[in-house]
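Just so you know, all these numbers are worked out from the coordinates, no wet-lab data involved. Computed from a prediction, not measured in an experiment: that's the story for all the values here. We place every Cβ from the backbone using ideal geometry, glycine too, and count neighbours over all the protein chains shown.
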Amino acid sequence: GDAITVADLAQKLALKGGDVVKALFKMGVMATITQSIDHDTAVLVTEELGHTAVRETANDAESELLAHVEDVQGEQSQRPPVVTIMGHVDHGKTSLLDYIRRTRIATGEAGGITQHIGAYHVETPKGVISFLDTPGHAAFTSMRARGAKITDIVVLVVAADDGVMPQTVEAIQHARSAKVPLIVAINKIDKSEADPSRVKNELLTHEVVSEEFGGDTQMVELSAKTGLGVDDLLDAISLQAEVLELKAVAEGRASGTVIESSLDKGRGPVATVLVQQGQLNKGDFLVCGVEYGRVRALFDETGSQVQSAGPSIPVQVLGLSGVPDAGDDFVVVDDERLAKEVAQQREAKRRELRLVQAAGNRMEDIMAQM
Ligand code: GTP
Ligand code: MG
């Protein structure tokens, strides 16, 4: 990356070198006037000093990559909704996902064993719907903190025999701050203790108002155990998706987000990605977080090989140089050179940042002992 000495930066800012050293020290970076600091640190300290940082040369691989993304133009067409299921512990999130998966996905060539991948898509009479199997609210929040916007609709599962609980309220807040519409799935209505109207009343106090009360939130009563009402939920999702008018460019270089990843003994790094723009094809070169590679194979949620995947479709990718992080973005590029260059630059930046953080931590330790 591009580094700058503290003295040069001070000169550009018309400040004394010592003032920049002091500001850096406050940020936990120990540097003398003659030492170089990396681009990100320079930007941070510049802003810390009340100035605005403007990049002089934007001619590195990263901006070439950006140009690649912006280059993907063309007709926006309708894309399927991406749905995340949230709710309080034991209210039936996994049961609901499993029921939909079991009844809606025909198992592929993997011999009837549906691999558990973190996302899947189903076809309904009203269109395709993709579901994300996020392990919890924490994952949702951290993806959002990293700027990854992947969910279009949150399905909030509330058990009809238990009602609104702390994590129900938390999920409402998450959806609200992410500006993602909610659909309420009032679950476990097969139970004799089930009291759906109590749930609706409790939700009222959190300003989640059902359509029958004059509000705009769809609420569906169902049982993830018997399957009663599950089709109504799928209809409600399709209806909400129509209202949202979800669009994406369906052709051209793909980009999207990593949902989950792992290192497989036989297959190497495996990443489940959600395609958000374009078409991801077997044979494509891509950058994925600090990793890169050429797509060796693509698999759908049934374990069947596919040749390509378009917007809103989750797919497993083989062929990456290493295991990316959930929430990392991926971008398809024309050639391996650019993919490698961007990945290596990112890796170098990440390493520098770690060093800076480590230095900061050490300094905090020293100061704590003083
Ligand atoms: P966590 O992942 O632990 O937060 O729970 P969860 O929300 O995924 O709930 P899960 O699907 O594991 O269901 C919790 C329990 O409720 C299990 O014993 C399910 O069998 C049961 N359950 C889920 N849905 C229903 C339903 O519709 N009816 C009945 N009777 N039981 C259900
Ligand atoms: Mg669960």
Worksheet item: Which links in K26/K349; K126/K247; K126/K179; K93/K149; K265/K349 stretch past 18 Å when you go from one Cα to the other?
Response: K26/K349; K126/K179; K93/K149; K265/K349
Item to complete: Assuming a ≥ b ≥ c are the square roots of the Cα gyration tensor eigenvalues, decide whether the stretch 191-249 counts as rounded (a/c under 1.5), prolate (otherwise, with a/b larger than b/c) or oblate.
Response: oblate
Worksheet entry | Selected from T94, T302, T32 as most flexible by GNM, with the chain as the system and alpha-carbon contacts under 10 Å | T32
Worksheet item: Whose amide H sits under 5 Å from the amide H of S77, counting only residues 5 or more places off or on another chain, with H placed in the peptide plane?
Response: A248, V249, A250
Item to complete: Work out, step by step, the length gained on full extension between D2 and S262: first 0.36 nm times the residue separation, then minus their alpha carbon distance; give nm to one decimal.
Response: 90.4 nm
Fill in: Estimated distance in nm for a label pair at R102 and T34, the labels positioned 7 Å out from Cα along Cα-to-Cβ
7.2 nm
Fill in: Sparsely packed GluC sites (Glu not before Pro) within the stretch 141-228, loop by DSSP, other Cβ within 10 Å at most 11
E193, E207
Response to the item:
Within the chain, the percent of DSSP beta bridges that are antiparallel, given to the nearest 5, stands at 70 percent
Fill in: Loop-exposed trypsin sites (Lys or Arg not before Pro) per DSSP, neighbour cap 16 Cβ within 10 angstrom, longest uninterrupted part of the chain
268-370
Worksheet item: How would you classify the stretch 2-46 from its alpha-carbon gyration tensor, with a ≥ b ≥ c the square roots of the eigenvalues: rounded for a/c under 1.5, else prolate if a/b is greater than b/c, otherwise oblate?
Response: rounded
Fill in: Evaluated at q = 0.07, 0.08, 0.13 Å⁻¹: base-10 log I(q)/I(0), Debye formula over Cα of the chain
-0.41, -0.52, -1.06
Discussion item. Can you compute the modelled spin-label distance between S304 and F25, with each label point 7 Å from Cα toward Cβ, in nm?
Written reply: 6.6 nm
Worksheet item: So how far apart, in nm, are the two label points at K179 and D216 if each is 7 Å from Cα heading toward Cβ?
Response: 1.3 nm
Worksheet item: So if we plug the beta-carbon distance of V169 and K12 into 1/(1 + (r/R0)^6) with R0 = 56 Å, what FRET efficiency do we get, rounded to 0.05?
Response: 0.70
Response to the item:
On the formula 1/(1 + (r/R0)^6), with r taken between the Cβ atoms of T94 and K349 and R0 of 30 Å, the FRET efficiency rounded to 0.05 is 0.20
